[in-house]
1. Only helices (runs of 4 or more DSSP H) wholly contained in region 18-119 count here; list those with 2 or more residues that are more than 30 Å from residue 152 (Cα to Cα) and modelled with pLDDT under 80.
2. Got a sec? Which of 453, 469 is assigned by TED's automatic domain parsing to the domain that holds residue 360, at pLDDT below 70 and farther than 24 Å from residue 281 by Cβ?
3. Could you figure out which of (1) closer than 20 Å to residue 49 by Cα; (2) surrounded by 24 or more Cβ atoms within 10 Å (Cβ to Cβ) isn't true of residue 362?
4. Could you please let me know if residue 341 is crowded, with 22+ Cβ neighbours inside 10 Å and not assigned by TED's automatic domain parsing to the domain that holds residue 30?
5. Hey, can you tell me all the residues within region 183-220 that are outside any helix (DSSP H, G or I) and exposed (fewer than 12 other Cβ atoms within 10 Å of the Cβ)?
6. Yes or no: residue 300 assigned to a helix (DSSP H, G or I) and under 14 Å from the mean Cα position of the chain (by Cα)?
7. Could you please tell me which pairs satisfy a Cβ distance under 8 Å, a separation of 6+ or placement on different chains, a first residue in region 132-144 that is part of a loop (DSSP other than H, G, I, E, B), and a second residue that is buried (at least 17 other Cβ atoms within 10 Å of the Cβ) and modelled with pLDDT of 90 or more?
């Protein structure tokens with residue numbers, strides 16, 4: 001089926017473009033916000049050639065496509081008229097009842113999803129530079145190092161600008177204004193004043209200067225307030241003056257407010273969040289790895305992992321490293337190991353082809369083909385992959401593995417990010433052991449016990465409703 005035909009069927013089966021509030025895509029999924037999810041023909045969608053499965057989570061109706069999702073997304077956008085129709089302010093985005101947590105997950109995913117590709121690329125490049133430096137192939141004085149380091153570090157250094165643009169779109173305000181606010185936070189003069197330890201005041205109000213490069217929370221809060229202020233200004237300023245004076249008043253009010261109030265409070269909150277995450281981790285890194293890695297791919301299935309990504313990045317910003325993602329990284333290899341076992345054991349031609357492709361994608365960090373096309377439909381391989389992930393996570397916790405200097409979403413190319421810039425130690429050796437252990441555990445369990453039932457490529461539909469009730 002062509003991308004155009006598949007997109008046409010998807011739009012039709014989710015209830016037509018009039019039922020779509022918005023649509024975005026991540027690495028493998030079309031993520032719809034529908035006015036009424038009950039209208040969507042889920043059973044028909046899951047049987048379409050080119051669709052792996054359908055997931056309802058966090059107020060989103062997610063159609064899992066795989067590696068061709070960007071091509072299908074482009075056709076969907078054409079069909080719905082260039083951009084997704086926006087919901088009325090007085091209308092709920094979905095008739096599905098959303099909890100506070102599901103709204104939070106949806107918010108975080110909306111902000112970070114558009115930048116994940118660039119973030120992962122920058123993080124992987126930075127990791128490779130660390131690895132090349134450690135082995136002595138390059139040094140920090142070489143031109144090639146300086147240029148590539150600038151390419152890898154620019155995303156994280158100027159992250160408030162990029163997240164400001166993304167957050168502006170999520171909060172439905174002028175994204176260029178929120179990006180400008182982010183730029184003000186990392187403006188070179190302000191960084192120089194901070195580094196020099198100089199004092200600064202604004203209308204006799206003392207400013208607590210901070211370094212906002214690589215920060216996350218300040219610009220998100222500033223963007224939220226920008227959206228609220230914009231609505232007020234649009235009501236009180238005549239339409240003939242709005243083009244100039246709405247952005248002017250927002251800039252004059254929000255930028256100083258960001259430096260005086262939002263920024264300092266956000267930085268302190270970020271430090272508390274990092275300390276809280278580390279305090280839980282420090283109780284027992286081994287147990288934390290066993291539990292978190294054991295259930296992580298389930299969280300990924302339902303899109304709940306987005307709530308943790310802000311923690312990963314916040315740890316990097318405040319601590320210089322993140323131990324949590326080091327525990328979870330092995331889960332990609334566990335799912336890949338299970339898919340590899342199916343590829344070697346199954347005699348069914350279609351499943352062998354699917355599992356082989358899923359194995360290749362898994363090593364590159366994309367697990368959806370393995371999960372939805374192979375492991376989950378066969379049930380046991382998915383369970384064994386979760387067990388393998390738990391084993392790998394426990395080993396990573398035992399060796400206190402850490403991620404340094406960026407963010408990687410998974411796969412072999414992200415491994416160098418876990419090398420300490422000061423040199424390779426048992427932290428990294430233990431981390432690599434965790435990857436191998438997760439892959440081998442899942443592979444052996446699946447190879448020996450995972451195909452006792454008849455192999456089938458039947459697709460699955462997963463529905464999850466997150467509840468705050470215990």
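The values are calculated or read from the model by the stated rules, or taken from the named source; none is laboratory data. Just so it is clear, the structure is predicted and the values come from calculations on it, not from any experiment. Every residue, glycine among them, receives a Cβ derived from its backbone with ideal geometry; neighbour counts consider all protein chains shown.
1. Details: elements: 42-46, 69-79, 100-112.
Qualifying helices (runs of 4 or more DSSP H): 100-112.
2. Numbers: 469 fails: assigned by TED's automatic domain parsing to the domain that holds residue 360.
It is 453.
3. Only one criterion in (1) closer than 20 Å to residue 49 by Cα; (2) surrounded by 24 or more Cβ atoms within 10 Å (Cβ to Cβ) is unmet by residue 362, namely (1).
4. Values: crowded, with 22+ Cβ neighbours inside 10 Å: yes; not assigned by TED's automatic domain parsing to the domain that holds residue 30: yes.
Answer is yes for this residue.
5. So the first thing to find is which residues in region 183-220 are outside any helix (DSSP H, G or I), and the list is 186-187, 197-216.
Within region 183-220, 197, 198, 199, 201, 203, 204, 205, 206 qualify.
6. Working: assigned to a helix (DSSP H, G or I): yes; under 14 Å from the mean Cα position of the chain (by Cα): yes.
Yes.
7. 140/149
Per-residue answers, yes or no, for (1) exposed (fewer than 13 other Cβ atoms within 10 Å of the Cβ); (2) in contact with a strand residue (DSSP E or B) (Cβ under 6 Å, 6 or more places away or on another chain); (3) over 30 Å from residue 174 (Cβ atoms):
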residue: 126; (1), (2), (3): no, no, yes
residue: 130; (1), (2), (3): no, no, yes
residue: 141; (1), (2), (3): yes, no, yes
residue: 151; (1), (2), (3): no, no, no
residue: 159; (1), (2), (3): no, no, no
